[in-house]
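A.B. asks: Quick one: structure below, then a few questions.
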Amino acid sequence: MAVDIRPDSPTFTRWVGVELTADNRRMLYVPPGCAQGYQTLAAETEMFYQVSAFYVPQAARGIRHDDPAFGIRWPLEVRNLSRCDASWPSLVIREPSAVSVCPERPQGSPPARRRNSNEARLPDHPRTDGMQQG
């Protein structure tokens, strides 16, 4: 799932969800200024992602997976959130320095490689048979 959080964008707060599987071999590009998230739909899912810069814990930012500003329709009930992901605020336009950093991500933590069952990260992606937009 990707959601546009660029205040000056004509698609501000709109989201798109794509089901990514080993069989369909799809990928999702999330442009700068947009947030990404995912929800695993099967047990023992491995998810890999690439980013445009090295991981810097102090730069980690997030917003709630259930923020009403987006109205994201998750395919499964969101059950397993990390403490950090559960603590993100709703979308509020503010200076980047005013956003708190998750204390759960210590400096030097490696990039994410997840192996979880029905875990959601915010904002996370809904299951679709193609594409779903909100």
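A.B. asks: I need the full set of residues from the range 3-19 which are touching a residue at least 24 places away in the same chain (Cβ under 8 Å) and part of a loop (DSSP other than H, G, I, E, B), in order please.
C.D. replies: Ile5, Arg6, Pro7, Ser9, Thr13, Arg14, Glu19
A.B. asks: Checking Val99 against (1) at pLDDT below 90; (2) among the hydrophobic types (A, V, I, L, M, F, W, C); (3) exposed (fewer than 14 other Cβ atoms within 10 Å of the Cβ), which test does it fail?
C.D. replies: (3)
A.B. asks: Hey, another quick one. Name every residue in the range 61-84 that is over 12 Å from the mean Cα position of the chain (by Cα) and of a type in the set (Gly, Ala, Ser), in order of residue number.
C.D. replies: Ala69, Gly71, Ser82
A.B. asks: Looking only at residues in the range 23-50 that are crowded, with 16+ Cβ neighbours inside 10 Å, under 14 Å from the mean Cα position of the chain (by Cα) and not hydrophobic (A, V, I, L, M, F, W, C), which one is farthest from Asp66 (Cα to Cα)?
C.D. replies: Top of the filtered list is Thr40.
A.B. asks: Out of all the residues in the range 11-24, is one or more on the phi > 0 side of the Ramachandran plot and in contact with an Asp or Glu (Cβ under 7 Å, 6 or more places away or on another chain)?
C.D. replies: yes
A.B. asks: Here is a further query. Tell me whether the range 30-51 contains one or more residues that are modelled with pLDDT under 85, out of contact with any Lys or Arg (no Cβ under 7 Å at 6 or more places or on another chain), aromatic (Phe, Trp, Tyr) and over 12 Å from Met1 (Cβ atoms).
C.D. replies: Within the range 30-51, one or more residues are modelled with pLDDT under 85, out of contact with any Lys or Arg (no Cβ under 7 Å at 6 or more places or on another chain), aromatic (Phe, Trp, Tyr) and over 12 Å from Met1 (Cβ atoms).
A.B. asks: While we're on this one: Does the range 59-74 hold any residues that are loosely packed, with under 15 Cβ neighbours inside 10 Å and either outside any loop (DSSP other than H, G, I, E, B) or in contact with an Asp or Glu (Cβ under 8 Å, 6 or more places away or on another chain) (or both), and which are they?
C.D. replies: Passing the criteria: only Ala59.
A.B. asks: Please enumerate the residues belonging to the range 21-41 that are in contact (Cβ under 8 Å) with a residue 60 or more places away in the chain, assigned to a loop (DSSP other than H, G, I, E, B) and aliphatic (A, V, I, L, M).
C.D. replies: Across the range 21-41, the qualifying residues are Leu28, Leu41.
A.B. asks: On to the next question. Please give the number of the condition Glu46 fails out of (1) under 22 Å from Leu91 (Cβ atoms); (2) part of a strand (DSSP E or B).
C.D. replies: Unmet for Glu46, out of (1) under 22 Å from Leu91 (Cβ atoms); (2) part of a strand (DSSP E or B): (1).
The values are calculated or read from the model by the stated rules, or taken from the named source; none is laboratory data. Fair warning: this is a prediction, and the values are worked out from it, not measured in the lab. Glycine gets a Cβ as well: all are built from the backbone with ideal geometry, and neighbour counts include every protein chain shown.
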